[in-house]
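Asks: Pasting a structure here, questions to come.
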Amino acid sequence: MILIYTCILGVFLLWTIINSLFMPRLKGTGDENGLVSILVPLRDEERNVRELVQSLKKLTYRNIEILLLDDHSTDQTLDLLFKYTKNDQRFTIIQGKDLPEGWTGKVYACHQLSERAKGDYLLFHDADLRMSPRAIQAALSLMIKRRASMLTGFPAFPVSLFLEKLLVPLQHFVVHFHLPIAPANGTTLPSFTAAHGAFIMVHKQAYKQVGGHASIQETLLDDIDLAKAFKKKGRKVLLANITNMVTCYMYQTNREVWEGFTKNLFPGLGRSRFLIIILFIFYGLFYVGPLVLLPIGLYTFMTDSLQLTLVIPYLLIVLQKGWIDGRTNQKMTLAFLMPLSAIAFMTLLIHSMRTGLKQKGYVWKGRTYS
């Protein structure tokens, strides 16, 4: 039984390695290819404004406009935007309109930004994102080379908080393990879709054709649903490894980590209780199970009756997580915490489902969404 269990984990490792090879990386080369509008929605982002603006000012792509929309912030976001963009004609600051009924906050902010944008390409860019100076050229070059109408990717995630270390790198793990990347990048089938809302570059004409953010106005999963909207219209969406040129500082507190994952998990799984249960069992069996076997295997080592078969499952899941962490600019030592990450993920699966079923609403950025 242990042999079969170990073989399954070995297959998981092999699949992950092969699957990851179908995700292209950004390269720091490329030419100017038309006007690019960088669109940044901000709501209570005073902690990010200074570094955000500094990052954008360092971009070497010359033909850009940068639109910054303040979405009714209650802190100093708007004042800081004016302060740090003063005398730089590339920046335009917009004060967002009141949120209409039937829209979610970020979706409406992105919609307003898109209506003001003049670029041939639109880059939807979160306030907690930082790009290397040549990121625009690299993204455009790959997008044009692969004839994609939309390019997106999961950034590198520096982590310091305890829950961050356990959960945030799992975003890369889920994509590299659960998403068949070849059909995701090679077909327009909506069922094979992943996207990250912090970095989404689209061709403006294609964006208009699919209905833009107005077509997904009620969603909490604006990134995935926008990508699906492109695919439903036969437009190619490219998922790239952007971690060498794009970094995202997602959360500042453990509470933000908890609330952020809570609002995404159950809706992201189609509000399916069946999928929640399947994933709960799957991660418990294959990613917490090795932690149960490990101390038994170590005990046999100390008693001179070494049984490596009890230790190998843990080593295999560490190698699987470590492979992904290595390819995504993450601390590879976090791979040793994979069983704890699985436990945290399982706990959040149940919490997110209970929150959704109780219809209390998901809280994010001071707003509550059903």
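The values are calculated or read from the model by the stated rules, or taken from the named source; none is laboratory data. In this text, all values refer to a predicted model and were calculated from it rather than measured experimentally. Positions of Cβ are generated from backbone atoms using ideal geometry, with glycine treated the same way; all protein chains shown enter the neighbour counts. Note: accessible area is taken over every heavy atom of the protein model, side chains too, but ligands, DNA and RNA are not part of it. Shrake-Rupley method; radii C 1.70, N 1.55, O 1.52, S 1.80 Å.
Asks: Under the classification rounded if a/c is under 1.5, otherwise prolate if a/b is larger than b/c and oblate if not, where does the stretch 76-162 fall, given a ≥ b ≥ c as square roots of the Cα gyration tensor eigenvalues?
Replies: Rounded, since a/c falls under 1.5.
Asks: So how tilted is helix 2-20 from the main axis of the chain? Cα-based, degrees 0 to 90, rounded to 10.
Replies: 20 degrees
Asks: On C-alpha positions alone, give me the angle between the axis of helix 312-327 and the longest principal axis of the chain, in degrees, nearest 10.
Replies: The helix 312-327 is inclined about 20 degrees to the chain.
Asks: Could you look at the chain and say what percent of its accessible area is carbon and sulfur, using a 1.4 Å probe and all protein chains?
Replies: 59 percent
Asks: Using θ = phi - 60° and the Karplus curve 6.51 cos²θ - 1.76 cosθ + 1.60, what whole-Hz ³J(HN,Hα) does each residue of the stretch 72-83 get, with Gly and Pro shown as x?
Replies: Once θ is set to phi - 60°, the couplings for the stretch 72-83 become 6, 5, 9, 10, 8, 3, 5, 4, 5, 4, 5, 5 Hz.
Asks: May I pose another question? So if I place +1 on the C-beta of Lys and Arg and -1 on the C-beta of Asp and Glu, and nothing else carries charge, what would the dipole magnitude of the chain be about its Cα centre? I want it in debye, nearest 20.
Replies: I would put it at about 800 debye.
Asks: Another question about this same structure. Using amide H atoms built 1.01 Å from N in the peptide plane, name the residues 5+ places from Gly153, or on other chains, whose amide H lies under 5 Å from its own.
Replies: Answer set, sorted by chain and number: His196, Phe199, Ala240.
Asks: Now a separate question. Helix 338-357 versus the longest principal axis of the chain: what is the Cα-based angle in degrees, 0 to 90, to the nearest 10?
Replies: 60 degrees
Asks: Follow-up question, since we're still on this one. Kindly report the accessible area of the stretch 137-225 per residue (heavy atoms of protein chains, probe 1.4 Å, no ligands, DNA or RNA), in Å².
Replies: Solvent-accessible surface per residue comes out at 34 Å².
Asks: Give the longest segment of the chain that steers clear of GluC sites (Glu not before Pro) in DSSP loops with at most 15 neighbouring Cβ atoms within 10 Å, not counting the sites themselves.
Replies: That gives 219-370 as the longest site-free run.
Asks: Quick one: which residues, 5+ away or cross-chain, put their amide H under 5 Å from the amide H of Ile94? H built at 1.01 Å from N.
Replies: Answer set, sorted by chain and number: Leu68, Leu69, Asp70.
Asks: Taking the stretch 1-61, which trypsin sites (Lys or Arg not before Pro) meet the DSSP loop condition and have no more than 16 other C-beta atoms within 10 Å?
Replies: The qualifying sites are Lys27, Lys58.
Asks: What relative contact order, as a whole-number percentage, does the chain give when Cα pairs under 8 Å and 6 or more residues apart are counted?
Replies: Contact order relative to length: 21 percent.
Asks: For Ile296 and Lys58 in one chain, what is 0.36 nm times their gap in residues minus the Cα-Cα distance, to one decimal in nm?
Replies: 80.3 nm
Asks: So I have (1) 135; (2) 180; (3) 190, and one of them is volume of the Cα convex hull per residue in Å³ calculated from this model. Which one is it?
Replies: (1)
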